[in-house]
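Reading through the structure tokens given below for one structure.
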């Protein structure tokens, strides 16, 4: 059983989700506006949030950003638009998954369970160490030679994926699927930009890599630096 918070302004959809998700073993609370939903999430600390992007008071993407500033609760966004820029924007803002209206209760329930499984697996995982780099999935903290490295949510997710598969060349397609949840494919430029930001924060460049090594036409590999002379 999971405790879910549904932030949705359409009363018919709210009622339908309460009934359908309740029948599948979840406890569901609802809000009809973004601000009341944000407060409810802060007060009740649900296991997962289902967030409509088209809210009457504040755009759902803004609510997502405000939520991400105070909580790491998993979020599945709901949108009536299936354009790439809308979906990518929501994922970049911190959503864990998305569904496009209209959707079936079975699909949403499957996505909820998948997101919760991933979140549960993270809580059981210890820090990953590669050389002097330590990536902690539970606290979402990174240190390099004992010094904290401040990363955005997406930069952290990217680094964690590469750290978990240290020594392995990870393709940009795999990165888009795992980090951005774009299994259908997406812009590899997005990966390139985030890799550039990540390299800068780790004190290296593509021309002089230390941890992040690009393999032309294939992907990127995270490895511990070679020992100095």
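I'd like to compare 14-25, 59-70: which one has the highest average count of other Cβ atoms within 10 Å, and what's the full order after that?
Values: 14-25: 14.9, 59-70: 17.5.
Listed from highest to lowest mean packing, they are 59-70, 14-25.
What's the ranking of 35-48, 199-212 by average number of surrounding C-beta atoms within 10 Å, highest first? It would help to have the intermediate numbers written out before the result.
Working: 35-48: 17.1, 199-212: 14.9.
The most tightly packed comes first, giving 35-48, 199-212.
The overall shape of region 3-123 is rounded: from the C-alpha gyration tensor, with semi-axes ordered a ≥ b ≥ c, the ratio a/c is less than 1.5. Tell me the angle of helix 153-164 to the major Cα principal axis of the chain, expressed in degrees between 0 and 90 and rounded to the nearest ten. Long axis of 153-164 versus the principal axis of the chain: about 60 degrees.
Taking a cut-off of 21 Å, what percent of all Cα-Cα pairs in the chain are separated by more than that? The proportion of pairs with Cα distances above 21 Å equals 58 percent. Across 135, 193, 100, mean-square fluctuation computed from a Gaussian network of the chain (C-alpha pairs under 10 Å connected) peaks at 193. Structural descriptor for region 1-140: relative contact order 19 percent, calculated from alpha carbon pairs under 8 angstrom and at least 6 residues apart.
Per-residue ellipticity at 222 nm computed for the chain from its helices equals -13000 deg cm²/dmol, with DSSP H segments shorter than 4 residues left out and the rest contributing -39,500 (n - 2.57).
Our note on the geometry: Cα centres of region 81-117 and region 13-69, 13 Å apart. With a ≥ b ≥ c taken as the square roots of the eigenvalues of the C-alpha gyration tensor of region 128-222, please select rounded if a/c is under 1.5 and otherwise prolate if a/b is larger than b/c or oblate if it is not? Note, shape of region 128-222 comes out prolate. Between the Cα long axis of helix 11-23 and the first principal axis of the chain there is an angle of about 70°, rounded to the nearest 10.
Using a Gaussian network model of the chain with C-alpha springs under 10 Å, which one of 215, 169, 134 is most mobile by mean-square fluctuation? Among 215, 169, 134, the largest GNM mean-square fluctuation belongs to 215.
What is the Cα radius of gyration of region 86-174 over 2.2 N^0.38 Å, N being its residue count? Display every interim value, and only then the final one.
Values: Rg = 15.4 Å, N = 89, 2.2 N^0.38 = 12.1 Å.
Output field value: 1.27.
Since every read-out is calculated from the coordinates, none of them should be taken as a lab result. Small disclaimer: the values here were computed from a predicted structure and weren't measured. Neighbour counts run over all protein chains shown; Cβ positions are idealised from the backbone, glycine included.
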